[in-house]
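First the structure, in the form of structure tokens, and then the observations on it.
Just so it is clear, none of the values below were taken in a lab; they were calculated from the coordinates. Values in this document were obtained by computation on a predicted structure and should not be read as measured data. Don't worry about glycine lacking a Cβ; one is built from the backbone with ideal geometry, like all the others, and counts go over all protein chains shown.
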Amino acid sequence: MTWLRWIVGLVVALPLAVLAAGQLGLLRGKPPQGLGVRDGKLKRPSFTPNSVSSQADLHADHPMREHARIAPLPAGGGGPAAMQRLRQLIETMPGASVVEQRDDYLYARFETRALRFVDDAEFWLDPAAGVIQLRSASRIGRKDFGVNRARIEAIRTRLAAG
């Protein structure tokens with residue numbers, strides 16, 4: 001019976017401890033270094049399966065290239081107007097905050113409510129291709145269980161809907 005109490009106590013205490021750690025901000029991770037556009041490229045995908053990038057194919061030797069590959073967003077409406085629509089859409093999403101925006105670049109953070117995990121997303125209006133290139137990655141953890149991909153696809157759907 002003592003073992004049973006011990007196990008039940010652990011089963012109850014562990015999730016509470018994780019939730020408390022999240023609420024204290026201990027699961028947020030550190031902001032990534034090297035964000036922004038350099039020589040027409042966003043930061044490369046993560047080396048673990050927790051990111052997506054429309055420029056994954058630019059990194060032929062990258063071990064997560066296939067996993068990270070995602071199509072860029074359409075730049076319908078052209079240039080800065082497309083980026084402004086993107087910003088307005090992101091600002092309506094739960095846990096989203098725009099950190100930086102220029103006419104051709106937007107950096108946003110997405111934070112989960114309960115555990116306060118943070119994902120960083122970048123969007124760059126690529127003038128040569130006429131699309132919005134993107135990269136979205138989780139700050140911590142090996143896997144994101146498809147969260148970044150699902151978020152980008154939801155943004156794509158909402159942009160298409162107008």
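Diffusion coefficient of segment 84-137 by Stokes-Einstein, Kirkwood radius over Cα pairs, 4 °C, 1.567 mPa s: 111 µm²/s.
Under the criterion of Cα pairs below 8 Å and six or more residues apart, the relative contact order for segment 118-162 equals 30 percent. Scaled to the globular estimate 2.2 N^0.38 Å, the Cα spread of the chain, given as radius of gyration, is 1.21. For the chain, with a Gaussian network of springs between Cα atoms less than 10 Å apart, report the residue from 115, 106, 73 with the top mean-square fluctuation. Greatest mean-square fluctuation among the candidates belongs to 115. The value of relative contact order for the chain, using C-alpha pairs under 8 Å at least six residues apart, is 26 percent. At an R0 of 22 angstrom, the distance between the Cβ atoms of residue 100 and residue 150 translates into a FRET efficiency of 0.40. Straight-line cross-link reach from residue 143 at under 19 Å between alpha-carbon atoms covers these lysines, not counting any fewer than eight positions away in the same chain: 30, 43.
In this Cβ point-charge picture (+1 for Lys and Arg, -1 for Asp and Glu), segment 73-150 has a dipole of about 360 debye about its Cα centre. Counting only whole DSSP H helices of the chain, the ones at least 30 Å long by C-alpha along their axis and with mean Kyte-Doolittle hydropathy no lower than -1.0 are 2-23.
If only the Cβ of Lys and Arg carry +1 and only the Cβ of Asp and Glu carry -1, the dipole of the chain around its Cα centre is close to 480 debye.
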